[in-house]
1. Restricted to the stretch 133-151, and to residues that are within 12 Å of the chain's Cα centre (by Cα) and assigned to a strand (DSSP E or B), which residue is farthest from LEU70 (Cα to Cα)?
2. Whether any residue in the stretch 171-194 is part of a strand (DSSP E or B), surrounded by fewer than 16 Cβ atoms within 10 Å (Cβ to Cβ) and either free of Cβ contacts under 8 Å to residues at least 40 places away in the same chain or of a type in the set (Lys, Arg) (or both) is what I want to check.
3. Being surrounded by fewer than 20 Cβ atoms within 10 Å (Cβ to Cβ) and out of contact with any strand residue (DSSP E or B) (no Cβ under 9 Å at 6 or more places or on another chain) is the filter; apply it to the stretch 108-128 and report the residue that is farthest from ASP25 (Cα to Cα).
4. Hey, can you tell me all the residues within the stretch 56-107 that are outside any helix (DSSP H, G or I), touching a strand residue (DSSP E or B) at 6+ places or on another chain (Cβ under 7 Å) and within 16 Å of VAL35 (Cα to Cα)?
5. Where residues in the stretch 36-82 are among the charged types (D, E, K, R) and surrounded by 18 or more Cβ atoms within 10 Å (Cβ to Cβ), which of them is nearest to SER122 (Cα to Cα)?
6. Residue under question is PRO157, and the condition is that it be in a helix (DSSP H, G or I), over 16 Å from GLY24 (Cα atoms) and touching an Asp or Glu at 6+ places or on another chain (Cβ under 7 Å); does it hold?
Amino acid sequence: MIVQSKPGRKTLVLTDFDGTITRGDTLSRYLLFAVPVHRLIAGLAASVFRISVMLLRRRYTTENAKEAVLASFLKGEAERLLRMKGEQFCRKKLPGMLRDSVCSKLKTLHDNGASVVIVTASPDIWVLPYAQSEGYALISTRLQFLEGRFTGRLAAPNCRGQEKANRIVTSILLEEFDHIIAIGNSEGDREMLALAHEAIMV
């Protein structure tokens with residue numbers, strides 16, 4: 001279990017990341033920060049081609065599209081480098097993207113004893129440093145690495161929609177908590193919101 005309940009009244013907060021804790025998407029911002037200009041141009045062309053082929057073959061899914069984009073820009077990169085760039089991104093770029101009202105609410109809940117878990121489709125390489133800095137747990141999409149390099153594939157299903165709910169119920173003993181709050185901002189959060197006693201749409 002990634003989260004254990006605390007003494008006293010036990011509150012669990014499940015929160016989305018992109019568009020909820022942040023204003024907007026972090027994937028594109030991370031790529032702009034971490035990828036050299038020449039590879040950005042090549043990656044853009046490659047991702048457009050791969051997604052076009054998916055559409056023509058009627059094989060387009062959100063998960064396939066995410067893999068195509070990540071592979072186009074980052075395939076073959078060292079895990080160590082991607083995680084180092086993730087830490088730098090959190091220090092230099094993420095603060096300007098944070099939604100102050102949600103961050104303040106989460107901090108207050110956490111300071112009052114709630115267990116806070118970020119549940120996100122974004123890969124852990126740039127979300128984990130933020131979660132750790134705030135004392136929050138993390139459930140996220142994970143990249144697949146082989147011999148220390150990104151294969152261009154996801155290590156597990158994209159953590160969105162029903163997969164968010166699946167990952168939550170297999171990682172957390174929900175029955176241990178007296179009150180569950182879920183915070184999200186899109187259709188991809190609805191299954192997570194359905195697990196909560198109190199659901200908040202940003």
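Taken together, the values in this text are just the output of simple stated rules run on the coordinates, not laboratory data. Since this is a predicted model, take the numbers as computed values, not measurements. So basically every Cβ, Gly included, is an ideal-geometry build from the backbone, and we count neighbours across all protein chains shown.
1. Among residues in the stretch 133-151 that are within 12 Å of the chain's Cα centre (by Cα) and assigned to a strand (DSSP E or B), the one farthest from LEU70 (Cα to Cα) is ALA137.
2. First pass over the stretch 171-194, keeping only residues part of a strand (DSSP E or B): 179-184.
Imposing the further condition that a residue be surrounded by fewer than 16 Cβ atoms within 10 Å (Cβ to Cβ) reduces the set to 179.
Restricting the remaining residues to those that are either free of Cβ contacts under 8 Å to residues at least 40 places away in the same chain or of a type in the set (Lys, Arg) (or both) gives none.
Checking the stretch 171-194: not a single residue is part of a strand (DSSP E or B), surrounded by fewer than 16 Cβ atoms within 10 Å (Cβ to Cβ) and either free of Cβ contacts under 8 Å to residues at least 40 places away in the same chain or of a type in the set (Lys, Arg) (or both).
3. Top of the filtered list is ASP111.
4. Those that are outside any helix (DSSP H, G or I), touching a strand residue (DSSP E or B) at 6+ places or on another chain (Cβ under 7 Å) and within 16 Å of VAL35 (Cα to Cα): LYS75, GLY76, GLU77, ALA78.
5. So, considering only residues that are among the charged types (D, E, K, R) and surrounded by 18 or more Cβ atoms within 10 Å (Cβ to Cβ), the one nearest to SER122 (Cα to Cα) is LYS66.
6. Here the answer is no, as PRO157 does not meet what is asked.
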